[in-house]
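A short worksheet on the structure shown next.
The values are calculated or read from the model by the stated rules, or taken from the named source; none is laboratory data. These numbers come from a predicted model, not from an experiment. Every residue, glycine as well, gets a Cβ built from its backbone with ideal geometry; the counts of neighbours run over all protein chains shown.
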Amino acid sequence: MIPVIVILLIIPVIGLILFLLKTILKLSFSVVKILVVLFVLWLLYGFITGGIQETLKNIGKPSITTQEDGSGLYLGAFTKGELDVEPYLLDKIGNVEVDVAFSDVYVKMPENCVLKIEAQAVFCNVEVEGHKQSISYGSKQFVTGTGENIVTMKLRSAFSTVHVIP
């Protein structure tokens, strides 16, 4: 999902670069036609692979599903929602994936649980136990809580805030 948002944000940058090249080097090509062709090719690829349909379905409302292996999947774009990780604890171990863009997510941790967050993000805030950590670009790991249950959350986020609440 994040590549969809990134591509939509990159298209104006590509247009600006093409326009500057055309103006400075006095080249003869249509910037608009090139951008339209690139966008249409990207849309076709997305519809064939199903990635765009999944993203467009989740704009404005989060999607929380259970995958085949029992792990949870939270998808959202332009959403605000809550994810309870307790249903995904199987034999004291749980896995949750959170893929969000331009969203505000509240992750509810069960008692007696350790939450390990593996975050890959662009301009994301992760608030754990009242301490806000910012990720401008890249990866970061957080561990919070005590207990015998362990939940691993893989967070992929762009321009979002994730709150971990006990």
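Quick notes on this structure:
- Scanning segment 69-112 for residues that are in a loop (DSSP other than H, G, I, E, B) and basic (Lys, Arg) turns up just one, Lys92.
- Number of residues in segment 141-166 that are without any contact (Cβ under 8 Å) to a residue 60 or more places away in the chain, closer than 13 Å to Asn112 by Cα and surrounded by 19 or more Cβ atoms within 10 Å (Cβ to Cβ) equals 1.
- Options Ala119, Ala77; residue that is within 13 Å of the chain's Cα centre (by Cα) and modelled with pLDDT of 80 or more: Ala119
- Residue list for segment 59-68, filter: closer than 11 Å to Glu97 by Cβ and not in a strand (DSSP E or B): Gln67
- Residue within segment 96-112 that is more than 16 Å from Thr152 (Cα to Cα), outside the structural domain of Leu41 (by TED's automatic domain parsing) and at pLDDT below 80 present: no
- Verdict on Lys116 being closer than 18 Å to Gly70 by Cα and either acidic (Asp, Glu) or surrounded by fewer than 16 Cβ atoms within 10 Å (Cβ to Cβ) (or both): yes
- The listed residue being more than 22 Å from Leu9 (Cβ to Cβ) and either exposed (fewer than 13 other Cβ atoms within 10 Å of the Cβ) or in contact with a His (Cβ under 9 Å, 6 or more places away or on another chain) (or both), out of Glu86, Glu129: Glu129
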